[in-house]
Each structure stands twice: as C-alpha cells, then as structure tokens.
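Student: Just dropping this structure here.
The values are calculated or read from the model by the stated rules, or taken from the named source; none is laboratory data. Just so you know, these numbers come straight off a predicted model, no measurement behind them. For neighbour counting, all protein chains shown are included, and Cβ atoms are generated from backbone atoms with ideal geometry for every residue, glycine included.
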Amino acid sequence: MTAPTLPFADLERVYERLATTLDALPEADESHFLAQLALALAHRVPDVDQVMAAIEEARQGATLDQDDRA
Amino acid sequence: MRPAGRSETDSLYFDYPHFPFVRPPELAGQAVRHRVAIVGAGPVGVTAALELARHGIASVVLDDKATVNDGSRAICISRHSLELLQQLGVDAPFTAKGLGWNQGRTYFRDREIYRFRMPHSDQERYAPMFNLQQQYIEQFLIDKAQASDLIEMRWQSAVTGVEQEADGVTLRVTTPEGEYALACDYLLAADGGRSRLRESLGLSLHGQAYEGRYVIADVRLKSDFPTERRAFFHSKALPDATILVHRQPDDIWRIDYQLGPDEDLEQAVEEASIREKVSLIIREVMHESDEWELEWWSLYKAYTLALDDYRHGRVLFIGDSAHLVPIFGVRGLNNGLADAANAGWKLAWVLKGQAPEALLDSYSPERRGATLDVFANAGKSTRFMTPPSRGYRRMRNAALALAFHNDYASGFANPRQVTPYTYAESPLTLADDPAFAAGPIPGAPLINRRLGDDDFLLDHLGTGFTLLHFSEDGRVAPALRESLDSLQARGHDLTLLRVARSPADAQTLVDVDGSLFAGYGAEPGSAYLARPDRHVTARWKRLDPTALEAALTSTLGGE
C-alpha cells in the first residue's frame, strides 16, 4: 500500500492531544469518546479497506493479553 | 544506600580509594593566587580540570569527600563523551573496562514488542554507548588528573563560603586542620545537584518536577544476557511499574523500577522492600534463576530544572549544579561533560589572552540551549516512561500494544537517547555555506571517519582549533599557508589537518575510499574550522584564505 500516512511528528501531537483530552473526561466516558472518534476518523478515510485494517490492528493490540487491561 | 552491616564504601566489586588531606600552602599563611578553582571532584569537575590542563591552564579542585561516589549512579557514557575523553587522553581505561552497546529492547506485558538500534558503523571508533559505574568513571579521571602537574586535588576540603569581587573569587575552605581563604581568578561550580555554591550565591533552579519516582538498585548476578537496554512496561509481576535493566561491568546489573503514586517513600527504600521487589523482577521479569546479591540502591525523581543563567560574573556552573534532567535518555552525565569541555576551553582561551572575556558570554546560551533541548525531549520520554495521568497511561499502553505488530507505532517506544547538541544559534557559530549538500553544519560536532586500521579522523585533532582542509594531493595554496603562519605566529593554537584523495606527504590523511570527502560533502578546496570541543564553527565549500582570520576572530567572541 502506498497511501499517504501521517508523519510521525504529527502522530506524536495526536498522542499528546488525546492524552490531555482523555484526562479532561470522566473515566466512564472514555470508550464512548474513543468510539465516536473512531467513526469521525473513519469518515475522513475514503478507502473502507484501510478503516477495516485499522480496526483489525487495534483488535490485535487489545487482545495481546486477554486477561488484563491497562 | 547499602544493605545492613555494610558501610557506604563497602562494595561487592569496587575498592574505594582513600584520598588523604594534604595541608595547602594557604594554611601556612602563604598567599597563593589560583587561576581557576573547581569545586567538586565528580566526573564533571575533574573533566573541566583536565580540559584546562590540556590547554596549559593550572587549576585546583576541591572536594569535601575523601573518596569517590558512594554508588554507580550515572552509568551510560555516550560516544560523543568518549570522543571528549579521547581528547583528554583518558579514553583507554573507559573502553577497556566499560561495556559498549548499541541496541535495546522494549517489552509490553512480557512480550518483546520493539528493538531499537543506535546509529553505528565501522566509521566510528567508539560504540554509541558504554556502561560503566560512576566510581570507575571518577577513578579513571582522578588518576589522570593526579598525573598532571597542572592539577592540584584538594580532598576533605569543604567550601563553606564564596565571595565574588571585580577581579576574582574568594572561597572559604574548611578542612580537618582548619579554615583558610582561597583566592582565584575564575571559579567553576561543579558541586552537584544540591550545589552549596549555588545557594551561597542566592541562585536557584527553575523548572518542573515530574510525577514519577524510581528506585535504582544494583545487584550482582551472573547472566549471559548481552549488554543492551531493556525496558519493561506493564509486566505481569509489576503491572504498574516501568522497569529498566542495564548491564554494568563486574557482573553488576542496574535495575530501575517505578514506584506507585501512593507508595510510602520511606518504606519503599527499606532494605526488605528493595529485596522483595528486586527479587520479583529478577525472577519474573528478567527470568534469571541464579543467586543474586544486593549491592546498592538509591531513590530518583525526574526533574527538568535549570539555572536561568549558567554564568554569574567569574563563576561558571557546570553539570548538575546548573541543571537537573530526567535519567531517561542518559543526559545528566553526558551533558555535564559537554559543559566541562565548553567552559574549559573558553576559560583557557581567555586566561591565555587569546580571546576577550566576552568569549565566556557564549557559555550559558550554548549549554543552556542544550539543556532546554534536553528538556523538550526528556519531557516526552518521561511522560512515556512514567505517565503522569490516566490519559497518558491509556495512550502509552495503546501505542505499545500497536507497536507489537505495526512499525508506524514503534517510534513511540524509542528511548530518544542523548545526541550531541548543535550550537546552531550560538553567537560563535558562523552562517553556513549554502553550497554544502552534506556534512556537519556549523554548530554541530565533527563526524568521525575510519582512515585505516585503528586509525580515525578524530585521532588527529589538534589541542586547539583545527582547520580540516580537503584537497586532491595535500597541497595548500600559498595564501592560505601565509594566513595560517601569521595566525600561529600570533599565538593562536590552530592545527592544519590536511585530507587528500591521493597520497602526498606523510602528514596528509588519505581518504582511501572517498568516505571522508563524502561524509563532509567536500571537494578539493573545501575546509571546516572546528573548535577545541570539536564543534564546527564555520565551513567553506571553497575556502578564501582571507575568510579564515575573520572566522577565528568572530568565533572567539571578538568583533
């Protein structure tokens, strides 16, 4: 795949912004917020295969260790 | 701290030297005027003394202790620092005893998710990093200093007061045999993070403290695991603690582990707590089954704190007295050594009369600039190593989990190890020649290149400024030769280093495979002017001989 991707420096900015945004939300609203964010980002990606691939990447990362969540 | 029943200097592997008190002439009532006094015989203070001695300047080093540091503390020495130690002629014991390394591994939930490698090639004399306990670092530097006629070490000498006058500094020194006043032209304050000199002068560090607290513990353990940096996040054994493991010489292993926000500090540093956690880490995280012994431990908190100005008249702060940085990325010692070299050569040039006192004005902007750059990086790595909040912890773990299968996320797991700072904004650095497409820019340090078996470019630097001159056959234009002769005749310590494509006379360095010309983006006629601390001050794609003197004057703080 040769689709353009976000430069790493910008990915770092996203990381920081997400961390502070999560901190400003009640913990109980985290997954609600992240699910909305996933849909909002997916809307901006014109290729559905890319979105499905991202979902699979996140699923694999989330199940690295089934019995323990951070 | 050490286990019960063992004194601070009762080590499993290191024989602590005892440095006797020697009565100085001042105590016999003799008036002595020292050119430079250095307070603190740690790695930074003694490096400054060696740098001054390299340029022919005498100094006296005072320390209240009678031996070296109580523990291993700063253990990672960067390549840039090794190149500095080479200039001081003291690199051999460091490379003989130290353990070189160039890679590391990151683990998340007991899985290896990422390996990083630091830039390394056969063009380099030194590995990117060497691990060596601070006691050895200090001992090797002190051995070298004691062999110098220009360095006087005064042990068991506590500085209890400081007064600055227009033309010098006076210290009050307390010794086992009484007090005396020590007079000097300039003072280097290398008395560490809790600097008494800083306090006496009414100065304080500014910046921020981070949430994370770490125990750093040394154990003796036989293991075949190679010398690498290992970082463990969210291990099953200690899910809330980030853990770092480093190998040191003499079968000593450094284990750093994070303390939880609610942990009681006093209890956390009790021997029983240390043994319990360290044992868990050795067995369940490092998966080592051999017997181990506890050597030493200490408590560490991450800070980014610095003085607003590193120079106060005739006092220059070097090392931890000027700045405290987080350990992640190993910048504390390495930046302290760079401070020592920077302050050392500048002071030497002023005292030799080869530069106006204005040269010293560049010390603080250059080295404080390096500190602020460290802060920018260290903030990121500290928030990664020790997430300060739920949001940062969530993002950190998400990035690590993605990094297991996806390269795009592995950059987050990169430890951002120390890299030498480029003095691009310094008043001493001249504008770049836009004709260059490669090579170190003005402000950056010279890069090394292999010339042959056990022979590298940086082995050939002069003690002072070096003009690296590129040509076809080693010949130097008569006008340039004239300019060099004239500068040298006026006392400038300036060495001409000629690089040629084809062999000429014996003093020419031959670029056998073209990598030297290529690495420096040079063509015949190109030249680099480097300072005594190896940083490039100017470069020319085609050197006009009349430009050399102007560049040298400007880089020495002149008009």
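Student: Assess whether residue B:268 counts as being buried (at least 22 other Cβ atoms within 10 Å of the Cβ) and out of contact with any Phe, Trp or Tyr (no Cβ under 7 Å at 6 or more places or on another chain).
Tutor: Taking the combined requirement at face value, the residue does not satisfy it.
Student: Tally time: how many residues in the stretch B:215-242 are over 16 Å from residue B:73 (Cα atoms) and touching a residue at least 40 places away in the same chain (Cβ under 8 Å)?
Tutor: Of all residues in the stretch B:215-242, those over 16 Å from residue B:73 (Cα atoms) come to B:221-228, B:230-242.
Then keep just the ones that are touching a residue at least 40 places away in the same chain (Cβ under 8 Å); that gives B:221-223, B:225-228, B:230-238, B:242.
The qualifying residues number 17.
Student: If a residue must be farther than 21 Å from residue B:230 by Cα and surrounded by fewer than 21 Cβ atoms within 10 Å (Cβ to Cβ), how many such residues does the stretch B:376-416 contain?
Tutor: Filtering the stretch B:376-416 for residues farther than 21 Å from residue B:230 by Cα gives B:376, B:388-392, B:394.
Narrowing the set further to residues that are surrounded by fewer than 21 Cβ atoms within 10 Å (Cβ to Cβ) leaves B:376, B:388-390, B:394.
Counting residues in the stretch B:376-416 that are farther than 21 Å from residue B:230 by Cα and surrounded by fewer than 21 Cβ atoms within 10 Å (Cβ to Cβ) gives 5.
Student: Same structure, new question: Quick one: which of B:298, B:273 is away from chain A (no Cβ under 14 Å) and touching a residue at least 12 places away in the same chain (Cβ under 8 Å)?
Tutor: Numbers: B:273 fails: touching a residue at least 12 places away in the same chain (Cβ under 8 Å).
One residue alone meets the criteria, B:298.
Student: So if I check each of B:326, B:387, which one is within 14 Å of another protein chain (Cβ to nearest Cβ), closer than 30 Å to residue B:216 by Cα and modelled with pLDDT under 95?
Tutor: Working: B:326 fails: within 14 Å of another protein chain (Cβ to nearest Cβ).
Every option except B:387 fails the conditions.
Student: Right, something else. Please go through the stretch A:9-29 and give me each residue that is over 19 Å from residue B:379 (Cβ atoms) and at the interface with another protein chain (Cβ under 7 Å from one of its Cβ atoms), ordered by number. I'd like the intermediate steps shown before the answer.
Tutor: Step one: of the stretch A:9-29, the residues over 19 Å from residue B:379 (Cβ atoms) are A:24-29.
A:27, the sole residue that qualifies.
Student: Do we have any residue at all in the stretch B:440-450 that's of a type in the set (Lys, Arg), on the phi < 0 side of the Ramachandran plot and either within 29 Å of the chain's Cα centre (by Cα) or within 14 Å of chain A (Cβ to nearest Cβ) (or both)? Before you say what the answer is, go through the steps one by one.
Tutor: Within the stretch B:440-450, the subset of a type in the set (Lys, Arg) is B:449-450.
From the residues that got through so far, the ones that are on the phi < 0 side of the Ramachandran plot too are B:449-450.
Next cut, either within 29 Å of the chain's Cα centre (by Cα) or within 14 Å of chain A (Cβ to nearest Cβ) (or both) only: B:449-450.
So far as the stretch B:440-450 goes, yes, one or more of its residues are of a type in the set (Lys, Arg), on the phi < 0 side of the Ramachandran plot and either within 29 Å of the chain's Cα centre (by Cα) or within 14 Å of chain A (Cβ to nearest Cβ) (or both).
Student: Further, regarding this structure: Can you name every one of the helices (runs of 4 or more DSSP H) wholly within the stretch B:1-113 that holds 3 or more residues which are of a type outside the set (Asp, Glu) and surrounded by fewer than 23 Cβ atoms within 10 Å (Cβ to Cβ)?
Tutor: On the way: elements: B:43-54, B:79-87, B:91-97.
Correct list: B:79-87, B:91-97.
Student: From the list A:19, A:40, A:9, A:28, pick out the single residue that is under 11 Å from the mean Cα position of the chain (by Cα) and part of a helix (DSSP H, G or I). Reasoning before the result, please.
Tutor: Working: A:19 fails: under 11 Å from the mean Cα position of the chain (by Cα); A:9 fails: under 11 Å from the mean Cα position of the chain (by Cα); A:28 fails: under 11 Å from the mean Cα position of the chain (by Cα).
None of the other options fit; the residue is A:40.
Student: Follow-up. Please indicate, with yes or no, whether at least one residue in the stretch B:363-381 is small (Gly, Ala, Ser), facing another protein chain (nearest Cβ under 8 Å) and outside any loop (DSSP other than H, G, I, E, B).
Tutor: First, the residues of the stretch B:363-381 that are small (Gly, Ala, Ser): B:364, B:369-370, B:376, B:378-379, B:381.
Filter once more, keeping what is facing another protein chain (nearest Cβ under 8 Å): none.
No; the residues of the stretch B:363-381 include none that is small (Gly, Ala, Ser), facing another protein chain (nearest Cβ under 8 Å) and outside any loop (DSSP other than H, G, I, E, B).
Student: So, in the stretch B:390-408, how many residues would count as being at pLDDT 90 or above and assigned to a loop (DSSP other than H, G, I, E, B)?
Tutor: Residues flagged as at pLDDT 90 or above and assigned to a loop (DSSP other than H, G, I, E, B) within the stretch B:390-408 amount to 0.
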